[in-house]
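The values are calculated or read from the model by the stated rules, or taken from the named source; none is laboratory data. Just so it is clear, the model here is predicted, and its values are computed rather than measured. No Cβ is skipped: glycine too gets one built from the backbone with ideal geometry, and neighbour counts run over all protein chains shown. With ligands, DNA and RNA removed, areas are computed over all heavy atoms of the protein, side chains included. Shrake-Rupley method; radii C 1.70, N 1.55, O 1.52, S 1.80 Å.
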Amino acid sequence: MRVVYFSADQDAAAWIPGLQAALPNADVSLWEPGAPAADYAVVWKPPQQLLDEQTQLKALFNTGAGVDALLKLKLPVSVPVIRLDDAGMSVQMAEYVCHAVIRHFREFDAYEADTRGGKWSFRKPRSRIDFPVGVLGLGVLGERVARAVAQFDFPVNGWSQSAKTIAGVRCFHGADKLDTFLAATRIVVCLLPLTPDTENLLNAQRLARLRPGGYVINVARGAHVVDADLLAALDSGQLAGATLDVFRVEPLPKGHPYWTHPKVIVTPHTSARTLRSESIAQIARKIAALECGEPIAGVVDVARGY
Ligand code: NAP
Ligand code: GLV
């Protein structure tokens, strides 16, 4: 069996020994133009040339949860695309979002500014009932995040395509329930896949539906948010702030208003990293299952876009 690996921005060479150890009967190599035909490709943001040349693939593994970059390419028909299915990401995402929610709710930025200035003072405790959190997307990551936030007794809403039942989460589904979900939410967390239906979802009209003093946490993709609308809502005082991990252009360009906006916290697309050893173990398990004709989780519905 032959396996090729390509990554546009992960430390490519570092994956080869781990993949080789997990797949001892395979010949594992970095993909390069003209590489011999492989059975499996393990990729992150590959060039079209890889897909055009690798015509014998039995499956294409994406070393991330989001497949938006991959689905922009012309994919071989009938080759399954397989996403990372958690592989250590959901706990990271839960940590990140809980941290952002609590940091905002408990006003830790303001306390830090005070104490750095040698000021010992108290703010009026806020009631978490007034800070309902709404999670857009209740998939592998969104469900874990919604459950984690609910552990802190915040009211939690969730929105997905299909109906869900999650203990401690008020679940909404479908486009016609989005406005109701937003009106019941003050801190909105975006964990949707980027598809034509979800691009620019957080625009001026939708942001205006959040409860007064709304807060945006975007950990999915930059293109879910209309940046000019978010900045206008922050500047007008309609929104209290935003924690943004993802951007339309990454790295976030120098001089972008988000870098210095006093109400915006920027992190460099780090909320849930691909963990190499967990990912390799998962991919190797799935290759073994596929070789035995067994079903696997994480097969992407290409027509649906996630
Ligand atoms: P997932 O398992 O595919 O879940 C997607 C969720 O979104 C599902 O609940 C789905 O509803 C819902 N959804 C999709 N389209 C919708 C629509 N039009 N209307 C309503 N709901 C819709 O994805 P995931 O693993 O949780 O990951 C979500 C995204 O996070 C990824 O696609 C990726 O872009 C991003 N991500 C970011 C980082 C980072 O470090 N910042 C790391 C990993 C992933 P159904 O359940 O009904 O299908
Ligand atoms: C990271 O953004 C991923 O989609 O895994």
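Determine the relative contact order of the chain: mean sequence separation of Cα pairs under 8 Å and six or more apart, normalised by residue count, in whole percent.
The normalised contact order for the chain reaches 16 percent.
For Asp27, what residues show an amide H to amide H distance below 5 Å, using hydrogens built from the backbone and excluding near sequence neighbours?
Those lying under 5 Å, H to H, from Asp27 are Arg2, Val3.
Using only Cα atoms, tell me the angle between helix 276-291 and the longest principal axis of the chain; keep it within 0 to 90° and round to the nearest 10.
So the inclination is approximately 50 degrees.
Calculate one ³J(HN,Hα) per residue across segment 246-257 by plugging θ = phi - 60° into the Karplus curve 6.51 cos²θ - 1.76 cosθ + 1.60, and present them in order as whole Hz with x for glycine and proline.
Result, ordered by residue: 9, 9, 4, 10, 10, x, 3, x, 4, x, 5, x Hz.
Provide the net charge surrounding Leu252, with neighbours chosen by a C-beta distance below 14 Å and charges set as Lys +1, Arg +1, Asp -1, Glu -1. Walk me through the numbers before you get to the answer.
Working: positive: Arg221, Arg248, Lys254; negative: Asp227, Asp245, Glu250.
So the environment of Leu252 carries a net charge of 0.
Working from Cα positions, state the angle (0 to 90°, nearest 10) between the long axis of helix 12-22 and the longest principal axis of the chain.
Relative to the chain, helix 12-22 is tipped by roughly 60 degrees.
Taking the Cβ of Pro132 as the center, what net charge do the other residues with Cβ under 9 Å away carry, scoring Lys and Arg +1 and Asp and Glu -1? Kindly include the intermediate steps, with their values, before the conclusion.
Values: positive: Arg128, Arg170, Arg186, Arg211; negative: Asp130.
Residues close to Pro132 contribute a combined charge of +3.
Identify the trypsin sites (Lys or Arg not before Pro) of segment 118-201 meeting these criteria: DSSP loop state and at most 10 other C-beta atoms within 10 Å of the C-beta. Don't skip to the answer; put the middle values down first.
On the way: sites: Lys119, Arg123, Arg126, Arg128, Arg144, Arg147, Lys164, Arg170, Lys177, Arg186; in loops: Lys119, Arg123, Arg126, Lys164, Arg186.
In loop regions of segment 118-201 (DSSP not H, G, I, E or B), the sparsely surrounded trypsin sites (Lys or Arg not before Pro) are Lys119, Arg123.
Taking a 1.4 Å probe, which of His173, His99 shows the most accessible area, and what order do the others take after it?
Details: His173 80, His99 105 Å².
Accessible-area ranking of His173, His99, largest first: His99, His173.
Using only the Cα atoms of segment 235-306, what do you get for the radius of gyration and for Dmax, in Å?
Values for segment 235-306 (Cα only, Rg and Dmax): 19.4, 59 Å.
Extent of segment 158-306 along each principal axis, from alpha carbon coordinates, in Å, largest to smallest?
Extents along the principal axes, in whole Å: 59, 38, 29.
Per residue and in Å³, how big is the convex hull formed by the alpha-carbon atoms of the chain? Display every interim value, and only then the final one.
Numbers: hull volume 46.4 nm³, N = 306.
Looking at the chain, the number lands at 152 Å³ per residue.
Near the amide H of Gly241, under 5 Å away, which other amide H atoms are found, from residues 5 or more places off or on another chain, if H is placed in the peptide plane?
Residues meeting the amide H criterion: Val216.
How many nm is it between the label spots at Glu199 and Asn25, if each spot is 7 Å from the Cα in line with the beta carbon?
4.3 nm
At a Cα cut-off below 29 Å, give the lysines reachable from Lys119, other chains included and same-chain residues fewer than 8 away excluded.
Candidates past the 8-residue exclusion: Lys263.
Counting only other residues whose beta carbon sits under 15 Å from that of Leu141, what net charge do I get with K and R as +1, D and E as -1? If you can, show how the numbers build up before the last one.
Details: positive: Arg83, Arg144, Arg147, Lys164, Arg221, Arg273; negative: Asp68, Asp85, Asp86, Glu95, Glu143, Asp245, Glu278.
That sum, taken over residues with Cβ under 15 Å, equals -1.
Over segment 259-300, average the accessible area per residue using a 1.4 Å probe and give it in Å², no decimals.
Numbers: 2390 Å² over 42 residues.
Each residue of segment 259-300 exposes 57 Å² on average to a 1.4 Å probe.
Using amide H atoms built 1.01 Å from N in the peptide plane, name the residues 5+ places from Phe247, or on other chains, whose amide H lies under 5 Å from its own.
Gly222
Per 5 Å bin from zero, what fraction in whole % of the C-alpha pairs of segment 46-92 is there, up to the bin with the longest pair?
Going from the shortest bin to the longest, the percentages are 5, 19, 30, 23, 11, 7, 4, 1.
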